[in-house]
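Right, one structure below, let's go through it.
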Amino acid sequence: REYGDTFRPHTCQIFGTNTDGEMQLGSCTVIGEKWALTAAHVVASMTECSVIASTGVYRIEQIYTHINYGGVFAEHDIALVKVAKSFPHRWFPPLSDGSEKVGEVATAVGYGVTGTLSAGYTKGDNQIRAGTQLLASRERSVWVCQIRRKGTSLPFCIAPGDSGGPLWARAADGRTVLVGVNSYTAKIGTGVKSRVGEESGHTRVALYLDWIAEVTA
């Protein structure tokens, strides 16, 4: 919780209803005056929706899912949302240039449900949390992180509600940059519970810089 609080200014919740009238929750990262980056599966079916930030609630007036996104757990799980009124931020986090390396420690952040690495997630409290993982491999459009007990100092796995939140790591020049968007957890042959032995996938931001620039321009 304490580590997560350090990311609160730019890590927000997204909430809204889908076409069936059901409530959906996710996370996002503020990257511009009226822009936040999230996962496509969080907002693809949303109708009425808003960003809940530390500075207030911001109504989303437009959703842009990537044109090649094909559904939950598909590739290109990335989206931009435009809010109706500007965020008051004077600084926005830098996006990855693709120079982060396999084996680096990365930090995932979000408002997802909580639990233990042995049992998996159990309940949600709408609180921001952060923890660390290792960038294990690049697989197509995602960074894969392996969930281990002693892999990092704050071993962490994303869970429902963390989707769309940021994954931070170090670029070649030493800066901390936004390298991923929380997308999924998985383990073949078992139910997904965000526990040791699973992996998490995070859409690689560096692959979408041109698309982000085109939409936000």
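The values are calculated or read from the model by the stated rules, or taken from the named source; none is laboratory data. All of these numbers come straight from a predicted model, not from anything done at the bench. Glycine also receives a Cβ, built like all others from the backbone with ideal geometry; neighbour counts cover every protein chain displayed. SASA here: full protein model, heavy atoms, side chains in, ligands and nucleic acids out. Shrake-Rupley method; radii C 1.70, N 1.55, O 1.52, S 1.80 Å.
The local environment of S141, defined by Cβ-Cβ distances under 13 Å, has a net charge of 0 under the rule Lys, Arg +1 and Asp, Glu -1. For the stretch 54-107 and the stretch 25-52, what is the separation of their C-alpha centers, rounded to whole Å? For the stretch 54-107 versus the stretch 25-52, the Cα centre distance is 7 Å.
Pair-distance distribution P(r) for the chain, from all Cα-Cα distances in 10 Å bins starting at 0: 9, 38, 39, 13, 1 percent. When the alpha carbon coordinates of the stretch 43-134 are projected onto the principal axes, the ranges are 40, 34, 34 Å, largest first. Restricting the calculation to alpha carbons of the stretch 92-217 gives Rg and Dmax of 14.2, 45 angstrom. The value of relative contact order for the stretch 37-80, using C-alpha pairs under 8 Å at least six residues apart, is 48 percent.
On the stretch 20-114, 50 percent of the accessible area sits on carbon and sulfur atoms, based on a 1.4 Å probe. Within the shell of other residues whose beta carbon sits under 15 angstrom from the beta carbon of R195, the net charge comes to +3, with Lys and Arg scored +1 and Asp and Glu -1. The mean sequence separation of alpha-carbon pairs under 8 Å and at least six residues apart, normalised by the residue count of the stretch 106-152, gives a relative contact order of 32 percent. Charge tally around K34: other residues with Cβ under 15 Å, Lys/Arg +1 each, Asp/Glu -1 each, net +2.
Working ranking of peptides 114-120, 158-164 by packing, defined as the average number of other Cβ atoms within 10 Å per residue, highest first, is 158-164, 114-120. Among 24-30, 85-91, sorting by the average number of other beta carbon atoms lying within 10 angstrom of each residue, highest first, gives 24-30, 85-91.
Evaluate the relative contact order of the chain (contact order divided by residue number), counting alpha-carbon pairs under 8 angstrom at least 6 apart; express in whole percent. For the chain, the relative contact order is 21 percent. Distance from the C-alpha centroid of the stretch 124-145 to that of the stretch 164-217: 6 Å, rounded to the whole angstrom. The orientation-averaged projection of the convex hull spanning the C-alpha atoms of the stretch 22-78 amounts to 4.2 square nanometres. Estimated from helical segments only, the mean residue ellipticity of the chain at 222 nm is -1500 deg cm²/dmol, where each DSSP H run of four or more residues counts as -39500 (n - 2.57). The Cα-based radius of gyration of the stretch 1-103, divided by its Kirkwood radius, gives an Rg/Rh of 0.98. Label zone of T190 (point 7 Å out along Cα→Cβ, amide N under 16 Å): in the stretch 82-123 this covers 115-122. Using a 1.4 Å probe on the protein chains only, how many percent of the accessible area of the stretch 117-217 belongs to carbon and sulfur? Within the stretch 117-217, the accessible surface is 49 percent carbon and sulfur. Accessible surface for the chain, divided over its residues, is 46 Å² per residue with a 1.4 Å probe.
Heavy-atom accessible surface of L207, to the nearest 10 Å², is about 90 Å², with a 1.4 Å probe and all protein chains retained.
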